[in-house]
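Read through the structure below, which is laid out as C-alpha cells, and then see the notes.
Bear in mind that the values in this text are calculations on the coordinates, not laboratory data. On a predicted model such as this, the values are computed, not experimentally measured, just so you know. We place every Cβ from the backbone using ideal geometry, glycine too, and count neighbours over all the protein chains shown.
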Amino acid sequence: MKVLIIEDEKLIADIIKKGLEYHRFSVDVAYNGKTGYNLTQQYEYDVIILDLMLPDIPGEEVCKKIRQDGNNAYILMLTAKKQDEDIVNGLNYGADDYLTKPFDFSVLLARIRALLRRNSKVKENILQAGNIKLFIDQEKVMVDSKEIELTKKEYMVLEYLLRNKGQLLSRNQILEHAWDRNADIFSNIVDTHIKNLRKKLGKSGDIIETVYGSGYRIKENK
Amino acid sequence: MKIKLSFNKKITLTFVIIIIISLILYSLLLLMLFKTNLRSERFIHDLRKNTGLKETTIKNIEEFNKNWQREKLPFPIFSPLPPLIILRSPVMFRIVVALSGGVIFIILIAASGGFLFLKRTLNQINYITKNVEEIDEKKLHLRLNIKGKDAIAKMSQTFDNMLDKLEESFDNQKHFIENASHELNTPLTIIKTNIDVLRLNKNATKEDYEKTIELIDNEIKKLSQISDKLLNISNSNTANINNNININNNLFDHNNNKVDNN
C-alpha cells in the first residue's frame, strides 16, 4: 500500500520512510506542504501522514485542500501539537487519525493498518483468497499453512490484489499502489512480478486472473 | 461598638446628616429673623403708623424689647424669643414662606445633585471592580471599554492599557514555550523513531546499529545545545522577552534539518 509523508523535518521524514519501507509499504516523501499537495493530485495514495507545522502552508490547510479535491485517502496527522483543541481541530479538518510526536513506531504502524482496514469487510489482520493467507501484522504469506518466501515487491503486489479481491485492477493501478513515484511506468515490471508471484504460489497462483488488455483480478471465493 | 455599613449606606447617611444640619441652621436663621424683626425700627415704625395702639403702649413695647437684654445668657443666639410678640402676620408670613421655600429648595437641589453624582461615580467604580474581578490569566482578552474623559474613564483606560501589555507578554511567553517545546520535540522524535525502526528490523546489521547510534549521538548534542540556550535565556534579562524570542528563533533555526525545497 502506498503512503505519502508530508513532513518538513528531513530526519523524521526519512526515518519514517525507512521504517515503513521495511514494513512493506511504498513511500513518497514531501518536505513541504505545497509539494505534498501536488503529489496528492498526481498520485493515488492509500494513507497520507501529515505534519501540521509546515514551513509554507499549515498542515490543516493542506488537509482541507486534499478533502476539497474529493480525495478520500486516509489522512493521519502526525504532529507535536498535543492540546485537545488541536486534536479536535485537526480531526474536524478532515483527518482520520491523529498521533502526537514523539510517537512509538509500532503504534504508527498499527494505526496505518487500522486505517487501511476501515473500509474493508474483513476486520482481522488476515487477507484471504482461496488457500492463500496473508498475515498483515506478521508480514508473511502462507499457502495451505506453509510459509512462502516473497520479495518485498511481490508481497506488496499480492497485498494490493488481495485487498481489492474481485475487482479488476489495471497495471497502472498496481504500479501506483505498490511502487513509489520513482517507478518506471513504461516498463512491464508489474507483469514480471505477477509472473514470479504465480510461480511462487504454485498451484494456488491460478487465483490471480489475467484480464486481457486490462489487468489482473483475484477470483472471488466460490 | 462599631456598626458595619455598606459604602452606599454611609453616603446616604452623610447626606441625611448634611440636610438635617442645613435645616437646623435654617431654623436658627428664622429665629434670628423673628428676633431682629421684633426689635427692628421698621416694625416699631409700622406699629406707629398703622395701628390704633396708643403712643405710650408702643413706647412701652420698644422699651420692653430694648430692655430685654441678651447679656443675661451666655449664648445670645439661643435666648428665648422676646416675651412680647406682636406680629403683623401677612408680612412675616410672606417673608417666612419665601425664605423657607428658597432655602429648602436650594438645600434639596444641592444635596440630591451631589447624591446622584456620587451614586453614578460609585456605580462606575462597582462596574469596574466587578469586571476586573472576572479577569484572570485565562480571560486576559477582556477589557473594560469605558469611554470618556473623566477621572474614572481615564483610570479604566489605563487599566485596559495595562491589560494589553500583560496579554501581549503572556502571549509572547506562551509562544516562546511552544516554540521551545517544538524544538525539543524534534530531536526526541528523531531518536525515538530511529530506535523503534531499528528494533523492529529483524535483519538489522552491525552497520545499521552504528549508523543509528551516531545519529542519536548527534541529536543528543542538539538537545543539550537547546537546553543550554534555554538556560542562558532564563539567566539573562527576561524583561525583554521579545528580543529573546527573536534571538532564540534564529538560534533554533541553525539546528533544524528543515528542507525548503523538495
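Points worth noting:
- Neighbours of A:LYS146, meaning other residues whose beta-carbon lies under 14 angstrom from its beta-carbon, give a summed charge of +1 when Lys and Arg score +1 and Asp and Glu score -1.
- Chymotrypsin sites (Phe, Trp or Tyr not before Pro) lying in DSSP loop within the stretch A:117-222, provided at most 15 other Cβ fall within 10 Å: A:PHE186, A:TYR212
- With a Förster radius of 41 Å applied to the beta-carbon distance between B:ASP217 and B:HIS141, the computed FRET efficiency rounds to 0.35.
- Panel order for A:THR100, B:THR205, by other beta carbons found within 10 Å of each beta carbon, from fewest to most: B:THR205, A:THR100.
- Exposure proxy order (Cβ contacts within 10 Å, fewest to most) of A:THR79, B:THR158: B:THR158, A:THR79
- Taking 0.36 nm per residue of sequence separation and removing the Cα-Cα distance, the B:LEU13/B:ARG94 pair yields an extension gain of 25.9 nm.
- For peptide B:191-202, the mean count of partner chain Cβ atoms within 10 Å of a residue's Cβ comes to 6.
- Per residue of peptide A:15-27, the mean number of Cβ atoms on other chains within 10 Å of the residue Cβ is 3.
- Going from the fewest other Cβ atoms within 10 Å to the most, the residues B:SER224, B:SER156, A:SER26 appear in the order B:SER224, B:SER156, A:SER26.
- Per residue of peptide B:114-121, the mean number of Cβ atoms on other chains within 10 Å of the residue Cβ is 0.
- Here the sum of -39500 (n - 2.57) over DSSP H runs of 4 or more residues, divided by the residues of chain A, equals -12000 deg cm²/dmol at 222 nm, to the nearest 500.
- Above-threshold pairs, the threshold being 18 Å between Cα atoms, out of A:LYS146/A:LYS203; B:LYS138/B:LYS229; A:LYS2/B:LYS192; A:LYS64/B:LYS192: B:LYS138/B:LYS229; A:LYS2/B:LYS192; A:LYS64/B:LYS192
- Local charge for A:ARG111 was computed over the other residues whose Cβ lies under 14 Å away, with Lys and Arg +1 and Asp and Glu -1, and equals -2.
- Residue (of A:ASN32, A:ALA80, A:PRO58) at the positive-pole extreme of the stretch A:1-109, dipole from beta-carbon charges: A:ASN32
- With R₀ fixed at 22 Å, the C-beta to C-beta distance from B:GLU210 to A:GLU21 puts the FRET efficiency at about 0.65.
- Residue-count net charge about A:TYR74 - beta-carbon cut-off 14 Å; Lys, Arg +1, Asp, Glu -1: +3
- Each label was represented as a point 7 Å from its Cα along the Cα-to-Cβ direction; for B:THR121 and B:MET155 these points are 0.9 nm apart.
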